[in-house]
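What follows draws every value from the coordinates through simple rules; no lab data is involved. This is a predicted model, so every value here is computed, not measured. Heads up, the Cβs are rebuilt from the backbone with ideal geometry, glycines too, and the neighbour counts pull from every protein chain shown.
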Amino acid sequence: MNLPDWARLSKSRISLSWFCAGAGAIVPGYAFFTTYPPPIFPGITILTSVLSAAVIYITFALSSQTASGQGRPAHLVRWAALLLLMAFVCLTAYVLLLRYCTVLEPQEYLQRFQVGFWKFDWCLTDAGMNLKRNIPLAPLEDWMLRESAFRQGGPEIIWQAWSIVTAGFALILTYIVGFVLWTVGFSLLARCQDQIKKKE
């Protein structure tokens with residue numbers, strides 16, 4: 001069945017508006033995710049670009065298949081709001097972990113090093129405990145400089161290896177979960193806009 005020109009144009013405008021709404025909301029978040037990757041897994045930014053496209057497609061496809069009833073757009077908005085709130089919580093946790101569980105090398109400020117859980121006794125080695133006793137108020141950068149730890153395996157002089165791995169895993173987990181929730185939330189909002197325009 002051939003659609004009239006006005007119907008084809010309306011359908012194209014709906015698709016374009018959905019794409020623009022989704023891209024306009026996701027691009028700022030994507031910029032955040034590519035700028036601050038977990039130092040223990042910097043290559044994850046490549047995966048997020050593929051994951052982003054997959055999540056948008058899956059969200060749009062699933063919401064299209066299950067769309068029914070007049071209240072559907074409101075239902076999508078509620079879900080989107082919940083997911084975006086959860087994404088905000090995850091990203092807040094991620095930023096805090098990035099601040100207290102990583103150290104940016106102080107010369108060129110280009111490389112982050114994964115460390116343990118800040119200055120807590122239970123994650124420090126003997127060398128770390130000595131640093132805490134001698135210079136407790138010094139920033140972590142000073143601790144790393146004092147032990148010449150800005151190198152591969154260097155943080156393990158100050159922090160227990162298990163705490164470095166655990167902190168790195170926590171960073172990756174909050175990063176991925178926050179990214180997926182952010183993308184799904186804005187994809188649902190874009191899908192909601194699409195449904196509203198179709199009803200008009």
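Electrostatic bookkeeping for LEU171 treats Lys and Arg as +1 and Asp and Glu as -1; over the other residues with beta carbon under 15 Å from its beta carbon, the sum is +2. For the pair GLN111 and PHE169, a Förster radius of 25 Å applied to the C-beta separation gives a FRET efficiency near 0.80, rounded to the nearest 0.05.
Does segment 72-130 classify as rounded, prolate or oblate by the C-alpha gyration tensor (a ≥ b ≥ c root eigenvalues; a/c under 1.5 gives rounded; else a/b over b/c gives prolate, otherwise oblate)? Oblate is the answer for segment 72-130, as a/c is 1.5 or above yet b/c matches or exceeds a/b.
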